[in-house]
1. Taking the stretch 130-145, which residues are polar (S, T, N, Q) and closer than 16 Å to Thr158 by Cα?
2. Quickly run through the stretch 152-169 and pick out the residues that are hydrophobic (A, V, I, L, M, F, W, C) and within 14 Å of Phe127 (Cβ to Cβ).
3. When the residues of the stretch 134-182 are narrowed to those that are of a type in the set (Val, Ile, Thr) and outside any strand (DSSP E or B), which ends up farthest from Glu104 (Cα to Cα)?
4. What are the pairs with Cβ atoms under 6 angstrom where one residue, in the stretch 134-145, is within 17 Å of Asp119 (Cβ to Cβ) and the other, located anywhere, is outside any strand (DSSP E or B) and among the polar types (S, T, N, Q)? Sequence gap at least six, or different chains.
5. Can you pull out every residue in the stretch 119-130 that is closer than 26 Å to Asn182 by Cβ and touching a residue at least 24 places away in the same chain (Cβ under 8 Å)?
Amino acid sequence: MVDTTLVLWGQTIAYTSYAVVILLLMGWFGYNISKPGKGGLVKPAIFYTFVGFLTVLGVSLHIVTYNTIPWTAIDLNRSDIQADKVFEITVENHEFALPSEKLEIKVGEKVLFEVTSNDLTYGFGLFRQDNSMLLQMQVVPGSRNDILWEFVQPGVYTIRSTEYSGPKGAHMIIKDAVIVTN
């Protein structure tokens, strides 16, 4: 699995480039149709070429970036994947209850986080030391809430609630709760 930070940067560059191309073409089109005099009208062939180009570019961008999403392979083949570790976590009264003080994982292990809420809808997110998010899911009471993840590099992660569950939800943070080692 590719690290999500690399994917984020790659997609930021790709989609920003796509948006810039669209804005430049829209500007060119707007300039040409508002130009006074004889040349103000854009020919239908040019307009439909423009729309076709944007369509091909957009679809191509989605096809190219589809396989860069780290969790796609795990989600598509989930029924065939056996988790190396399973952590059962409960949430109630704005507190996470972990199976142990620190959740220790080795690089390359596939881990299943099973999170159960006994009262409200919460979020479950793992955050890096720089506060960027690695993964997250919504935790709904009475529903199956789990996420399968493969850790590709060592790190220390903080668990946070990623859903609004009232004012107390802002304090649902367990610092350095997940430790991934080689």
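Every number here is computed from the coordinates shown, using simple stated rules; none is lab data. From a predicted model like this one, the values you see are computed outputs, not experimental measurements. Quick reminder, even Gly has a Cβ in these numbers, built from the backbone with ideal geometry, and neighbours come from all protein chains shown.
1. If the condition is that a residue be polar (S, T, N, Q) and closer than 16 Å to Thr158 by Cα, then Asn131, Ser132, Gln136 are the ones that fit.
2. Val156, Ile159
3. Per the stated criteria, the residue is Val140.
4. What qualifies is Val139/Asn145; Val140/Thr121.
5. Those that are closer than 26 Å to Asn182 by Cβ and touching a residue at least 24 places away in the same chain (Cβ under 8 Å): Phe124, Gly125, Leu126, Phe127, Arg128, Gln129.
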